[in-house]
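Asker: I'd like to ask some things about the structure below.
The values are calculated or read from the model by the stated rules, or taken from the named source; none is laboratory data. Small disclaimer: the values here were computed from a predicted structure and weren't measured. Cβ placement follows ideal geometry from the backbone for every residue including glycine, while neighbour counts extend to all protein chains displayed. Protein only, heavy atoms only, side chains kept; ligands, DNA and RNA dropped before computing areas. Shrake-Rupley method; radii C 1.70, N 1.55, O 1.52, S 1.80 Å.
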Amino acid sequence: MSEDLGQKNTKLVRKLALVAIAMFGFGYALVPLYDVLCDLTGLNGKVEGQAVQETAYEVDKSREVTVEFLTSLNESTPMVFRSEVKSMKVHPGEYYTVNFYAKNTTNQPMIAQAIPSITPGLAAEFFKKTQCFCFTEQTFAANEEKTMPVRFVVEPTLPERYKTVTLAYTFFDNTNISKK
């Protein structure tokens with residue numbers, strides 16, 4: 001009887017080990033699976049991380065797209081951060097510049113990075129930036145204020161169904177990370 005119980009326990013331990021290995025593998029594969037899912041559905045809204053060359057487009061004056069600007073701070077980022085305008089109506093193919101204001105509210109120097117995203121995600125490929133503070137880390141002296149421009153264009157090939165595009169930035173304090 002004890003041999004039978006020993007065999008059952010061994011089987012149970014093997015099954016539990018397999019379950020643990022499968023859970024670890026699933027957790028490890030979750031990020032790449034999420035990236036693939038977002039790419040397929042267009043939910044990620046990732047924006048190119050570098051400037052594009054300014055290209056002449058034929059401006060579509062018959063159409064207006066509303067571009068909204070949202071700003072937020074990571075919970076541990078001691079700054080003030082906002083856009084000069086909350087939204088603007090743009091003609092696809094025409095270049096526009098909008099300014100963002102940021103201030104380090106500490107008595108210490110700070111290195112910060114803004115991470116952009118665009119909603120709806122499928123519109124991200126039609127939103128091009130030729131200049132943006134988000135392309136590099138920003139260094140702020142103690143209590144320093146900055147006005148930072150973003151120059152962009154909405155390509156005229158943006159599908160007609162998109163009437164509003166939201167450009168969102170979140171600023172992160174990278175001071176401790178960048179010093180290492």
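Asker: Give the residues of the range 85-113 that are loosely packed, with under 13 Cβ neighbours inside 10 Å and free of Cβ contacts under 8 Å to residues at least 24 places away in the same chain, sorted by residue number.
Answerer: Listed by number, the residues that qualify are Val85, Lys86.
Asker: Working only within the range 148-176, note down all residues that are touching a residue at least 60 places away in the same chain (Cβ under 8 Å), loosely packed, with under 15 Cβ neighbours inside 10 Å and not in a loop (DSSP other than H, G, I, E, B).
Answerer: Scanning the range 148-176 gives a single hit, Thr164.
Asker: If Thr136 passes every condition in (1) touching a Phe, Trp or Tyr at 6+ places or on another chain (Cβ under 8 Å); (2) over 25 Å from Ala56 (Cβ atoms); (3) hydroxyl-bearing (Ser, Thr, Tyr) but one, which one does it miss?
Answerer: Of the numbered conditions (1) touching a Phe, Trp or Tyr at 6+ places or on another chain (Cβ under 8 Å); (2) over 25 Å from Ala56 (Cβ atoms); (3) hydroxyl-bearing (Ser, Thr, Tyr), the odd one out for Thr136 is (1).
Asker: Same structure, new question: How many residues, within the range 121-133, are modelled with pLDDT under 90 and surrounded by 19 or more Cβ atoms within 10 Å (Cβ to Cβ)?
Answerer: Adding up the residues that qualify gives 2.
Yes/no per residue for (1) part of a strand (DSSP E or B); (2) farther than 16 Å from Lys163 by Cβ:
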site	(1), (2)
Val98	yes, yes
Asn107	no, yes
Ala123	no, no
Asn143	no, yes
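Asker: Among (1) open to solvent by 40 Å² or more (accessible area, probe 1.4 Å); (2) in contact (Cβ under 8 Å) with a residue 60 or more places away in the chain; (3) not acidic (Asp, Glu), where does Ile118 come up short?
Answerer: The one condition Ile118 does not meet is (1).
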